Amino acid sequence: MHTRRSFLRTSLVATTAILADVSSIAAKERPVRLRPNPSVVRTISKSPSDAYVDGVKFLTPESPDYATAREVYNAGILTQPKIIAYCTSDTGVQHAVERAKAENWPIAVKAGGHSFEGFCLNDDGLVVSVSPMREMQLDGKTGILTAGAGCRLEEVNQFLLARGRFLPAGSCRTVGLAGLTLGGGYGMFARKWGLTCDHLIRVKMVDGAGIIRDSKEEPDLLWSARGGGNGHFGIITELTFNTRAAPAQFSSWKFRAYKLDPKRATGLLETWFDATSELPNESFSAWIMNGSQVTVVVITIGSREQKGLMNFRHRLAGMTKKVTSGGPTSLKKALTWYYGEEGPVYFKNASAGYYKGIENIRPALPGIFEEVLAVPGLIFQINTLGGAIASDVEGAYPHRAFSYLGESQAYWGSDSHAAALREAIGRMRDHIARAGVTSHYANYPDLAFKDWPTAYYGAQNYARLQQLKQRYDPGNRIRHPQSVQPS
């Protein structure tokens, strides 16, 4: 059973990282580092059961490696694919697509396994896993990173920070770079530098016909990869990013309030919304309610003495009972504070909508607070956006005008508790919908969202994604329950 501390720790991790594979796969495979060039790291699988042919190993449920390859972060996802194609190259992915076509199987794409609804698996077909594709290369002159689609954030952080560079992303160690980027990719540093997908400058993909595509020749592919979601019409195999100079320091604070009732919780949230409008772009904050306790997290990679940040801390300190702080310290050290549990974990996490201010969510607050106060293990969280996220970047991510993003979360340790929490999440979803909140983050999917195409991508962007689906996968070979449909 999770403790309150682990609820809050996992909650903050959920804020900053989405969609990818669990690091236990890497641990079990004992990755081997090759090449003496310090700007290049390649990770390959090495085990006695390896039987790669032309860059792919096909695993059935009877294969010794199947359970590890199937594993996802959400322990409640029980989907069992007929076969998993474990790929180490574009050629391997092509062979996997050809086999699926020959068998008339649908394809799901697993860059890792953090898909909250298990969209990276299927029950009736083939899963293309690019998890072994983990090579990274950094151009020391330009700061351009080229990474395989199977890279995890912990690996990316270690590789870049050792070279004085950084890619703004989430912080959960096991989240995969590809899935996070394709859905948008926000985290504690996005207000300063923008989303992860904003740094994406090139992708390579194997489409539904098994053809290798490159956004260098097809700009629409890059547009779709900047927030257009994953598993729709191709298997991304390689991503290229602009990186940033690593920030010199990191500081954080936590403000805690206890024994809140709905009235006091609303007052604290009103203060938080108002105070966040003063935060400098170097800062990020999250408001997290768990039972009758609220924890407000704020971090900065800028000066601790910036006026807006000091005003924020002063106002929150006046309404909370306990304040703790960390830093200033190095980013390398600070990121480990937020790496979270490796998983798998039993949970339900879904978007609670985008907001421009408290008025967008205010009608839903009485119902939300009633649920969180009454159902142990239920969490409601709101995170700051804005800043550089609002920049005019060409891409499929449609929600740049919103300054806040909400999350509904639940964690459990028994099936009986799971049922009550899922029902509570559903009631929270209804409260939010009745409040008129209709836009949601694609990386926090929920199978119960009725108009998910518009909610995730906006009507205009979804229509354009459908055109690309028609171009790259007209037979709808690559699909999941909320994948883009051909036009």
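The values are calculated or read from the model by the stated rules, or taken from the named source; none is laboratory data. For clarity, every value in this text was computed on a predicted model and none was experimentally measured. Methodologically, a virtual Cβ is constructed for each residue, glycine included, from the backbone with ideal geometry; neighbour enumeration extends over all protein chains shown. In case anyone asks, the SASA skips ligands and DNA or RNA and just uses the protein heavy atoms, side chains included. Shrake-Rupley method; radii C 1.70, N 1.55, O 1.52, S 1.80 Å.
Of all the residues in segment 183-231, those that are of a type in the set (Lys, Arg) and within 20 Å of Tyr441 (Cα to Cα) number 3. Within segment 461-487, how many residues are closer than 18 Å to Pro398 by Cβ and in contact (Cβ under 8 Å) with a residue 60 or more places away in the chain? The qualifying residues number 8. Taken as a whole, the structure places Phe189 among residues that are within 19 Å of Ile389 (Cβ to Cβ), of a type outside the set (S, T, N, Q) and more than 13 Å from the chain's Cα centre (by Cα). Looking only at residues in segment 248-269 that are of a type outside the set (A, V, I, L, M, F, W, C) and assigned to a loop (DSSP other than H, G, I, E, B), the one that is farthest from Glu370 (Cα to Cα) is Gln249. Scanning segment 225-269 for residues that are open to solvent by 10 Å² or more (accessible area, probe 1.4 Å) and farther than 30 Å from Ile361 by Cβ yields a total of 12. Of the set (1) in contact with a helix residue (DSSP H, G or I) (Cβ under 8 Å, 6 or more places away or on another chain); (2) in contact (Cβ under 8 Å) with a residue 60 or more places away in the chain, all apply to Glu278 but (2).
Scanning segment 116-141 for residues that are over 24 Å from Tyr52 (Cβ atoms), in contact (Cβ under 8 Å) with a residue 40 or more places away in the chain and open to solvent by 10 Å² or more (accessible area, probe 1.4 Å) yields Phe116, Glu117, Phe119, Asp123, Asp124, Leu138, Asp139, Gly140.
For first residues located in segment 328-351 and at pLDDT below 95, partners that are buried (at least 19 other Cβ atoms within 10 Å of the Cβ) and basic (Lys, Arg) and lie 6+ apart or on another chain with Cβ distances below 8 Å form the pairs Tyr339/Arg173; Gly340/Arg173; Glu342/Arg173.
Check whether at least one residue in segment 440-450 is surrounded by fewer than 21 Cβ atoms within 10 Å (Cβ to Cβ) and among the polar types (S, T, N, Q), and report yes or no. Within segment 440-450, none of the residues are surrounded by fewer than 21 Cβ atoms within 10 Å (Cβ to Cβ) and among the polar types (S, T, N, Q).
If you go through segment 160-198 and pick out every residue that is open to solvent by 10 Å² or more (accessible area, probe 1.4 Å) and outside any loop (DSSP other than H, G, I, E, B), you end up with 6. Taken over segment 204-224, the criterion of being more than 22 Å from the chain's Cα centre (by Cα) and among the basic types (Lys, Arg) is satisfied by Arg213, Lys216.
Residue check: is Ile77 part of a loop (DSSP other than H, G, I, E, B), open to solvent by less than 30 Å² (accessible area, probe 1.4 Å) and touching a residue at least 24 places away in the same chain (Cβ under 8 Å)?
Yes, satisfied.
Taking helices (runs of 4 or more DSSP H) as the structural unit, those lying wholly within segment 270-376 and holding at least 2 residues that are under 25 Å from the mean Cα position of the chain (by Cα) and surrounded by fewer than 17 Cβ atoms within 10 Å (Cβ to Cβ) correspond to 331-335.
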